[in-house]
1. Just need a number here: residues in segment B:411-443 that are within 11 Å of chain A (Cβ to nearest Cβ) and not small (Gly, Ala, Ser).
2. So how many residues does segment A:116-144 have that are within 20 Å of A:Tyr196 (Cα to Cα) and touching a residue at least 12 places away in the same chain (Cβ under 8 Å)?
3. A:Ala49: closer than 28 Å to A:Gly185 by Cα and either in contact with a helix residue (DSSP H, G or I) (Cβ under 9 Å, 6 or more places away or on another chain) or at pLDDT 95 or above (or both), yes or no?
4. Are there any pairs, at least 6 apart or on different chains, whose C-beta atoms fall under 8 Å, with the first in segment B:299-317 and open to solvent by 30 Å² or more (accessible area, probe 1.4 Å) and the second of a type in the set (Asp, Glu), and if so, which?
5. Within segment A:149-162, is there a residue that is closer than 18 Å to A:Ala233 by Cβ and in contact (Cβ under 8 Å) with a residue 12 or more places away in the chain?
6. Mind listing just one residue for me: the one in segment B:384-410 that is open to solvent by 10 Å² or more (accessible area, probe 1.4 Å) and in contact with a helix residue (DSSP H, G or I) (Cβ under 6 Å, 6 or more places away or on another chain) and, of those, farthest from the other protein chains (Cβ to nearest Cβ)?
7. Hand me the list of helices (runs of 4 or more DSSP H) wholly inside segment A:72-150 holding 2 or more residues that are hydrophobic (A, V, I, L, M, F, W, C) and open to solvent by 10 Å² or more (accessible area, probe 1.4 Å).
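The values are calculated or read from the model by the stated rules, or taken from the named source; none is laboratory data. Computed from a predicted model, the values in this text were never measured in an experiment. Heads up, the Cβs are rebuilt from the backbone with ideal geometry, glycines too, and the neighbour counts pull from every protein chain shown. What goes into the accessible areas is simple: the full protein's heavy atoms, side chains included, and nothing from ligands, DNA or RNA. Shrake-Rupley method; radii C 1.70, N 1.55, O 1.52, S 1.80 Å.
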Amino acid sequence: MAADLVPEDGWVFLRRHTAARIALGRSGGSLPTRETLGLAYAQALARDAVRAPFDPHALAAALRPLAPDVLVLESAAPDRAAFLARPDLGRRLSERSAALLAALPRSDPPPTLAIVVSDGLSALAAERQASPLLAELLPLLRAHGFRLAPLVVVRHARVGLLDPVGSALGAEMALILLGERPGLGTPDSLGAYLAYSPGPGRTDADRNCVSNIRPEGLVAREAAARIAGLLAAAREFRLTGPALKEPPSRPSLGAK
Amino acid sequence: MYTITLGGRTHSFADLRTLLAKASPARSGDVLAGVAAASAEERVAAMYALSEVPLSEFLEHPLIPYEADEVTRLILDTHERAAFAPVSGLTVGGLRDWLLAYETGAPELSAVAPGLTPEMAAAVSKVMRNQDLVLVASKCEVVTRFRSTVGLRGRLSVRLQPNHPTDEPRGIAASIIDGLLYGCGDAVIGINPATDSPERVGELLRMLDDLIRTYRIPTQSCVLAHVTTQMAALEAGAPLDLMFQSIAGTEAANSSFGISLGLLGEARRAALGLGRCGPSGNVMYFETGQGSCLSAGAHHGCDQQTLEARAYGVARAFRPLLVNTVVGFIGPEYLADGKQIIRAGLEDHFCGKLLGLPMGVDVCYTNHSEADQDDMDTLLTLLGAAGVNFVMGVPGGDDIMLGYQSSSFHDSHYLRQLLGRRPAPEFEQWLGEMRIQGRDLRLQPIPGQHALLGGHGR
């Protein structure tokens, strides 16, 4: 019955070339029931990912086996609603957290890199991808001879938070790993942004980005290799931004 | 200083910029910028005060100084006094009444357009309700031409948007075929490339050109890279139809996009020089969206809707084929929810049409704003009633490259069915010849051996 009402489009075979929603069929000219519900379901997952609560202490506990020195801080955004409406609050630390960082003894020599982990726009992304990524990344960084500042876990951060954290820790470079804006079918994608000489007045144009980090996208091992490559190049050329070109990618062993 | 007393209470507004901002319907971006009205009462007081401002004041008191901003200079230097004459004695509120008058039809609106500045259009929109924005826009007719004719009354065109996360040509072609078989693509087949390089742009333009020639599709191609990347591709011999660029309403915001009015002029001359477009000279495709100036830290204390209208002032100097406001893309810090996105979409479409532009709207939202498909259905339907020139067509409404939800091929077909809107005439004829869509606007069953499925064997 339903098959008669909604004949299959004759070009379903084209789906092997793209993940786009093609050859969906039609009810009259409208989306068939299964497709309209499929779209609603994908959006529901993405919406829930945006609203999901994030427990920075639980993530910090999960990360301690990888990096013993972990700090839990908070941005200036008091809650999720304020975080979404006021991007500027997500780019600053709360007064308490800023004071806490300022009171830390400065390491000598200063750290090569400060790493920040945050829920950003998807707590799921931080919870699912941060550990596997850092498990691949930290050994590469140590092999490069990087001195690492304490790992910082922050709730409600925007990309720009890497500047105040990086400069407060006196780090030569800063890296932030945070949940990207959830898309349909990608509720848990992590993004990585890095900046050489982090500090006030820096913008997106001073940063480099590696995005779509998740098992179905850029897998942890390859993401770690790209981020480590960019950080090593940033240190060598003393800059980040469009002028820093990524080294040509090599297929990594064991990756699909 | 503008002052008004309402209910025994006096409200003052320091200057025109402040008055416009406070009269703007509530939205998160104006709150973020710190320019929004402090209360509902103050907002309506500002609307009253704004309604009494003579239109001529917008010519005498630019919101952003003439010396400081080339967009202001463009707006004032190209203002046509003769076209302005029929409304020159009116206030902002008077202009609303004039626009709604039975006697004001498409010819009057088209004649007055060069006499209106973007700030006048923004101002009058602020004292208009959604129904006013729909009704007046529906009276405007702005027609542009390349291989297809877009914007004729009773027609609705679609930009086919076949994006792919790695620009895989076969993946893009698969989405294009899907869209064509759903009757979409008469405004443009426009790809947002994942990689902004002249080589990639050239490759994609050649693929589109092949497709358009092979199947004799009466439409035009575009690859939405930065204007300088497209110019480099064009110099290397790429078959470019439309030159694309995102634009904004202030010189500083445009500069953050890496463009200037001079560069846009150069890009247009380069595209015209290829001789692919007819006498219309409609070779440009612009995209805009409220909030882009604030996002670039270049808003000069103005509200985001007024600055959006100034972007249309930039667009109209270059006689575009298409102008597309990407209304819900920027996120909830600028437009928080479905209500704000719907209002902004109607404002943008109205202001663009009033200024004489071929307006389309990307009816869209991101998953971190308080909006869903039902809100988009509402906006799409209202825009159809308002006579929008074109909307987006994205497979299943899910753009897998840009990560947001837009209107689907099915959505545009819904609107054509509901309102009896036909595709662009050349494209409608092609759809008939290809047995894709009949005169009754119904999609036809597509046999497995259809020509469009030929070169893509199982």
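1. So the answer is 11.
2. Selection size over segment A:116-144: 9.
3. In short, yes.
4. Final answer for the pair search is B:His300/B:Asp69.
5. Taking every residue of segment A:149-162 in turn, at least one turns out to be closer than 18 Å to A:Ala233 by Cβ and in contact (Cβ under 8 Å) with a residue 12 or more places away in the chain.
6. B:Gly387
7. A:80-85, A:95-103, A:123-143
Yes/no per residue for (1) surrounded by fewer than 17 Cβ atoms within 10 Å (Cβ to Cβ); (2) within 19 Å of B:Ala311 (Cβ to Cβ):
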{"site": "B:Asp30", "(1), (2)": "no, yes"}
{"site": "B:Glu41", "(1), (2)": "yes, no"}
{"site": "B:Ala49", "(1), (2)": "no, no"}
{"site": "B:Val53", "(1), (2)": "no, no"}
{"site": "B:Pro65", "(1), (2)": "yes, yes"}
{"site": "B:Leu74", "(1), (2)": "no, yes"}
{"site": "B:Arg81", "(1), (2)": "yes, no"}
{"site": "B:Val92", "(1), (2)": "no, no"}
{"site": "B:Asp97", "(1), (2)": "yes, no"}
